[in-house]
1. Tell me, please, whether a residue that is within 8 Å of the ligand (Cβ to nearest atom), in contact with a strand residue (DSSP E or B) (Cβ under 7 Å, 6 or more places away or on another chain), within 16 Å of Ala388 (Cβ to Cβ) and in contact (Cβ under 8 Å) with a residue 60 or more places away in the chain can be found in region 15-38.
2. What's the total number of residues in region 159-180 that are surrounded by 15 or more Cβ atoms within 10 Å (Cβ to Cβ) and within 11 Å of the ligand (Cβ to nearest atom)?
3. Looking only at region 210-247, which residues are part of a loop (DSSP other than H, G, I, E, B) and closer than 21 Å to Phe62 by Cα?
4. What number goes with the only condition from (1) over 28 Å from Ser243 (Cβ atoms); (2) within 23 Å of the chain's Cα centre (by Cα) that Phe363 does not pass?
5. Which residues, counting only those in region 181-202, are part of a strand (DSSP E or B), within 16 Å of the ligand (Cβ to nearest atom) and within 15 Å of the chain's Cα centre (by Cα)?
6. Of these, Asn66, Asn51, which one is within 16 Å of the ligand (Cβ to nearest atom) and under 30 Å from Arg221 (Cα atoms)?
7. crowded, with 24+ Cβ neighbours inside 10 Å, over 14 Å from the mean Cα position of the chain (by Cα) and not in a helix (DSSP H, G or I): is that true of Ala393 in this structure?
8. Name the single residue, out of those in region 357-393 being near the ligand (Cβ under 7 Å from one of its atoms) and β-branched (Val, Ile, Thr), that is nearest to Gly26 (Cα to Cα).
Amino acid sequence: MDRVDVAVLGAGAAGLMAGIEAARRGRRVVVIDHARTAGEKIRISGGGRCNFTNLGVAPDRFLSQNPRFALSALKRFTQWDFIARMDAARIAWHEKTLGQLFCNGPATQVVQLLTDDLARAGGELWLSCALGEVRQMAQGFQVETARGPLLAEAVVVATGGKSIPKMGATGYGYKLAESFGLPLVETRPALVPLTFAEQELTRLAPLSGVAVQGRVSCGKRGFDEAVLFTHRGLSGPAVLQISSYWREGQGIVVDLAPGRDVVAELAAAKRAQGKSALRTVLARIVPERLARVIEEDLGLTTAPMAELSQATLARVGERVRAWALMPVGSEGYRTAEVTLGGVDTTALDGRTMQARGVPGLYFVGEVVDVTGWLGGYNFQWAWSSGWAAGQVA
Ligand code: FDA
């Protein structure tokens, strides 16, 4: 039977990082994945340019039952530590917006960096290798794999979440955690487009393809970023962000012109261009197609500006600045960037990622109940948590 010190399950961002760090300590490491290539999500991330971290990493950018859990790992292996690795590998990058760092070239450079580092440290990579049960033995664990059983002193579970099953996401890590009696926080798709009921969709359909720089809120939480109308509902960064906070039965509010005094602008237009149609004036504030839909929705297609009362202008302003919408669901794991929930952090040691009560068993990356905002935070969590486990496993 093959024997290793550390079996890392999953060759994504977190697993590769854990494997590199453990191998650098001289541990005999194998990183196992059922996919044909390592780091597939890294390859497709950030539109192929991998938004590998964010300059603004802070605990409030992460969702978890215990938001402070992530702090230790994030502080010990920071965004600057990962940037230093990118620089050492001469991978050029740039800040796009809101502290988000992207590669200048293809995201595969990041995968190469990680697989090169793993190989240099002496770690092995078993690809196209299915995983089975993991059992605790007298000294360590027995891991069933397509290459036969493997004995490992320590097991690092880095099999990610449920998002994008087409790319190999399985929920394997959650089942493994349960088999060891570890609690789970309910999972749900996050960073995902929101969908609407047929009636609302019919109203939104003509807007498919329209994008605005808006603000989307749900309760007290709001995000100022692009909003994109699609044939299924709403997408774009602001919507993906709010999807992590939205729950069934809640409404969202879309501000299509943040910071603008729309009513004052309409009143000024009424005085200066009384004969103009509302849509003509509105089209200076929002994209033309949106202007038409708002005009139609409010039944104001025939009256010129001069005939609109102050109350009507206020109604238009309300519609532009606080459009109340009721999503009925999301596009689900098929398109979700991440999975909210996962292995309950109360069952893990925040410094090492080791399961309390199961010495030698670690959980890192997305499988843990730590989910970042859009913008590089999820990879930083994968790097930091993988690094933390790699120091001790
Ligand atoms: P990840 O999912 O990366 O790796 C898990 C690995 O385990 C996979 O290789 C999988 O094949 C393997 N595995 C799963 N089940 C298995 C089983 N049963 N047997 C064997 N192997 C198994 N984040 C960010 O910060 N910046 C960004 O730009 C993006 N962009 C982005 C785009 C898209 C389209 C998606 C879907 C996601 C992102 N993300 C992102 C999120 C980011 O990809 C995600 O948070 C990390 O990949 C999580 O890293 P992990 O290593 O935890 O899991």
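What follows is calculated from the coordinates using simple rules that are stated; it is not laboratory data. Fair warning: this is a prediction, and the values are worked out from it, not measured in the lab. Ideal geometry is used to build each Cβ from the backbone, glycine not excepted, and the neighbour counts take in all protein chains shown.
1. Scanning region 15-38 turns up at least one residue that is within 8 Å of the ligand (Cβ to nearest atom), in contact with a strand residue (DSSP E or B) (Cβ under 7 Å, 6 or more places away or on another chain), within 16 Å of Ala388 (Cβ to Cβ) and in contact (Cβ under 8 Å) with a residue 60 or more places away in the chain.
2. 14
3. Gly219, Lys220, Gly236, Ser244, Tyr245, Trp246, Arg247
4. Checking Phe363 against (1) over 28 Å from Ser243 (Cβ atoms); (2) within 23 Å of the chain's Cα centre (by Cα), the one that fails is (1).
5. Those that are part of a strand (DSSP E or B), within 16 Å of the ligand (Cβ to nearest atom) and within 15 Å of the chain's Cα centre (by Cα): Thr187, Arg188, Pro189, Ala190.
6. Exactly one residue qualifies, and that residue is Asn51.
7. Judged against the criteria, Ala393 is a match.
8. If we take residues in region 357-393 being near the ligand (Cβ under 7 Å from one of its atoms) and β-branched (Val, Ile, Thr), then Val364 is nearest to Gly26 (Cα to Cα).
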